[in-house]
Amino acid sequence: MSTTTASSHGSALPFGSSDLTLPPDLREPLQAHLRDLKQRYLARGWGQPVGFGKRPALIVIDLAKFWTQPQQQIGTNLDSVIDGTLKVLAAAREAKIPIFFTSFAYDPADPPSPQNVKLQMKIKPGDEKFFELDERMNRKPTEKLILKRYASCFKGTTLHEMLTSLGVDTLIVTGASTSHCVYATCRDATDSFRVIVPKEAVGERCEIMHEVNLLDIDIDLGDVMPVDDVVAELKKLPV
């Protein structure tokens with residue numbers, strides 16, 4: 001079942017960048033407001049849980065060094081997100097469900113887009129190695145790596161075709177960042193798949209962006225659930 005998406009009352013998130021956190025005097029009022037918003041949406045019949053289907057798959061979004069190393073341009077502390085993801089990943093491997101990873105398809109020869117003006121990535125020759133997955137993911141040869149150019153894991157890739165060919169009806173979404181690639185992927189997935197987001201297995205650098213977008217996902221796109229509940233669901237699957 002979906003749960004409230006805000007962090008513990010008054011507590012800062014265990015991940016993110018210190019310069020992008022909420023001022024302490026705003027945190028509890030914001031969290032209280034988000035909890036109230038969720039209840040108001042539920043009263044309108046909006047935000048009901050969709051639950052698991054019969055054939056889930058897991059996607060781990062952009063837990064590569066460019067995002068998981070705080071010294072990188074848009075990197076941040078995602079250790080707790082990685083810990084949550086590893087718990088889901090272990091259960092997914094035990095259940096033998098399809099597993100996908102993503103990272104950025106960096107190519108210096110790609111023509112510029114308007115989005116490159118918004119985010120001017122400072123990538124030097126040799127920096128391509130930072131788009132390799134964080135070693136903690138320990139990706140197996142049977143786990144597909146998707147290199148993507150856009151925020152959504154579906155845009156410009158064959159993810160949708162691969163999921164449908166496998167008979168997948170539920171997509172478990174983990175990784176970073178909540179307000180960008182996680183949100184965009186959930187948005188594209190929700191019309192074809194049940195979407196499950198393990199709460200402690202997604203995150204980003206900015207506290208308010210995480211909180212607001214996670215609530216939006218929970219209301220409109222999928223079920224935000226504790227990691228332990230997702231693991232328990234995976235343990236129920238026949239192997």
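One residue stands out in the range 89-123 among those that are in contact with a helix residue (DSSP H, G or I) (Cβ under 6 Å, 6 or more places away or on another chain) and of a type outside the set (A, V, I, L, M, F, W, C): the one that is nearest to residue 52 (Cα to Cα), namely 103.
Across the range 93-118, what is the number of residues that are surrounded by fewer than 16 Cβ atoms within 10 Å (Cβ to Cβ) and either within 20 Å of the chain's Cα centre (by Cα) or of a type in the set (Phe, Trp, Tyr) (or both)?
Our first condition is that a residue be surrounded by fewer than 16 Cβ atoms within 10 Å (Cβ to Cβ); within the range 93-118, this holds for 94, 96, 105-118.
Subset that is either within 20 Å of the chain's Cα centre (by Cα) or of a type in the set (Phe, Trp, Tyr) (or both): 105-106.
So the answer is 2.
To keep it simple, each residue is scored yes or no on (1) assigned to a loop (DSSP other than H, G, I, E, B); (2) touching a Gly at 6+ places or on another chain (Cβ under 8 Å); (3) of a type in the set (Phe, Trp, Tyr).
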{"position": "67", "(1), (2), (3)": "no, yes, yes"}
{"position": "83", "(1), (2), (3)": "no, no, no"}
{"position": "89", "(1), (2), (3)": "no, no, no"}
{"position": "124", "(1), (2), (3)": "yes, no, no"}
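Look at residue 208 and say whether it is part of a helix (DSSP H, G or I), in contact (Cβ under 8 Å) with a residue 24 or more places away in the chain, surrounded by fewer than 23 Cβ atoms within 10 Å (Cβ to Cβ) and in contact with a Gly (Cβ under 9 Å, 6 or more places away or on another chain). Taking the combined requirement at face value, the residue does not satisfy it.
Of all residues in the range 187-205, none satisfies being among the β-branched types (Val, Ile, Thr) and part of a helix (DSSP H, G or I). Taking the range 55-65 as the range and being touching a Gly at 6+ places or on another chain (Cβ under 8 Å), among the hydrophobic types (A, V, I, L, M, F, W, C) and either assigned to a strand (DSSP E or B) or surrounded by fewer than 22 Cβ atoms within 10 Å (Cβ to Cβ) (or both) as the test, the residues that pass are 59, 60, 61.
Which members of the range 191-239 meet the condition of being among the β-branched types (Val, Ile, Thr) and under 17 Å from residue 83 (Cβ atoms)? Before the answer, list the steps.
Residues of the range 191-239 among the β-branched types (Val, Ile, Thr): 195-197, 202, 208, 212, 217, 219, 224, 227, 230-231, 239.
If the condition is that a residue be among the β-branched types (Val, Ile, Thr) and under 17 Å from residue 83 (Cβ atoms), then 197, 202, 227, 230, 231 are the ones that fit.
Evaluating residue 236 against the criteria (1) more than 24 Å from residue 14 (Cα to Cα); (2) of a type outside the set (Ser, Thr, Tyr); (3) touching a residue at least 12 places away in the same chain (Cβ under 8 Å) leaves one unmet condition, (3).
Within the range 190-202, can one find any residue that is over 20 Å from residue 51 (Cβ atoms) and surrounded by 14 or more Cβ atoms within 10 Å (Cβ to Cβ)?
Going residue by residue through the range 190-202, those that are over 20 Å from residue 51 (Cβ atoms) are none.
The answer is no, given that none of the residues of the range 190-202 is over 20 Å from residue 51 (Cβ atoms) and surrounded by 14 or more Cβ atoms within 10 Å (Cβ to Cβ).
Would a scan of the range 46-54 turn up a residue that is of a type in the set (Phe, Trp, Tyr), crowded, with 18+ Cβ neighbours inside 10 Å and either under 28 Å from residue 231 (Cβ atoms) or modelled with pLDDT of 95 or more (or both)? Lay out the reasoning, then the answer.
Taking the range 46-54 first, the residues of a type in the set (Phe, Trp, Tyr) are 46, 52.
Subset that is crowded, with 18+ Cβ neighbours inside 10 Å: 52.
Still in the list and also either under 28 Å from residue 231 (Cβ atoms) or modelled with pLDDT of 95 or more (or both): 52.
For the range 46-54, residues of a type in the set (Phe, Trp, Tyr), crowded, with 18+ Cβ neighbours inside 10 Å and either under 28 Å from residue 231 (Cβ atoms) or modelled with pLDDT of 95 or more (or both): present.
The values are calculated or read from the model by the stated rules, or taken from the named source; none is laboratory data. Note that the structure is a prediction, hence the values are computed from the model and not measured. No Cβ is skipped: glycine too gets one built from the backbone with ideal geometry, and neighbour counts run over all protein chains shown.
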